[in-house]
Amino acid sequence: MMDKVFTIKGHKISALIIDEDSLKFSSQNHDTYSTFQEAWNKALSFATKVEIKYDAIKSIKKEENEDDILIKYKTLGGIPIDCEFSFINKEDYDVFFSYFIKNQYYQKTNEALTPFRAIRNYLIGLVATIAYTIFSYYEAIAIENGTIEEANSNKAKVFNYVVGLLGDKGVIAVGLSMAIFFIYKIWTRYKNPPNQICLVPPNI
């Protein structure tokens, strides 16, 4: 357990404390451990709170030259889920990993990813980008022709506004630039798969 608040970056989380039996994430920023705990213990709060019990963690992974840490764990219902975040202060990585190795007795391994594992997520991103670009392209044409159905939600209205602003050529340009990025990452990672730090708890 550490009396420190770690500043992090992740989906709806910006602060982390290492508690006695769990990791606690919050969307609120806190300067001290005590203020974090006080806010955490409040029954009514608009903050996003995520708690990961140590006995629910399956693995903690981080690729070399990448900032994101990926924690795989199980919820109370036994459903596997991921939590991904990165530290703002680079020195906090060593503190975090050292805690799990020295205090929680996690086993550390360095493994080289296979070419497929190295590009898997980027392949998914490429396919999704192509599909989304095609959909947006036809939506842009429908907007231009005035044949699109009226949006019923705010998200749909924002989407239609952005697509209408870009136009069909703009949609293709944005989609192409994203596809080129994914293709570049796939090519470089397939040729030279990165190493990955992996921590697993002692009971696995």
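The values are calculated or read from the model by the stated rules, or taken from the named source; none is laboratory data. Values in this document were obtained by computation on a predicted structure and should not be read as measured data. Ligands, DNA and RNA are stripped out before the accessible areas are found, and what is left, the full protein with its side chains, is counted by its heavy atoms. Shrake-Rupley method; radii C 1.70, N 1.55, O 1.52, S 1.80 Å.
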key: the chain - percent relative contact order, Cα under 8 Å, separation 6 or more   = 22
message = Distance cut-off 18 Å, Cα to Cα: go down the list 61/108; 24/53; 9/61; 62/90; 62/108; 42/72 and report the pairs above it.
response = 42/72
ask   = Taking Cα atoms, how many degrees apart are the long axis of helix 115-145 and the longest axis of the chain, rounded to 10 and kept between 0 and 90?
value = 40
query = Can you tell me the accessible area per residue over the chain, all protein chains present, probe 1.4 angstrom, in square angstrom?
reply = 64
query = In whole percent, what relative contact order does region 1-109 give with Cα contacts below 8 Å and a gap of six or more residues?
reply = 21
key: Heavy-atom accessible surface of the chain: percent carbon and sulfur, 1.4 Å   = 57
inquiry  = Taking the Kirkwood radius as the inverse of the mean 1/r across Cα pairs, report the Rg/Rh of region 59-161.
reply    = 1.17
query = From the backbone phi of region 85-92, what are the Karplus-calculated ³J(HN,Hα) couplings (6.51 cos²θ - 1.76 cosθ + 1.60, θ = phi - 60°) in whole Hz, Gly and Pro given as x?
reply = 7, 9, 8, 6, 8, 4, 5, 5
task = With everything on Cα atoms, drop me the angle between helix 154-191 and the longest principal axis of the chain, reported from 0 to 90° to the nearest 10.
result = 60
ask   = So what's the Cα pair-distance distribution over region 88-133, bin width 5 Å, in %?
value = 5, 16, 12, 12, 13, 17, 12, 8, 4, 1
query = Expressed as a whole percent, how much of the Cα-Cα distance distribution for region 1-120 exceeds 23 Å?
reply = 31
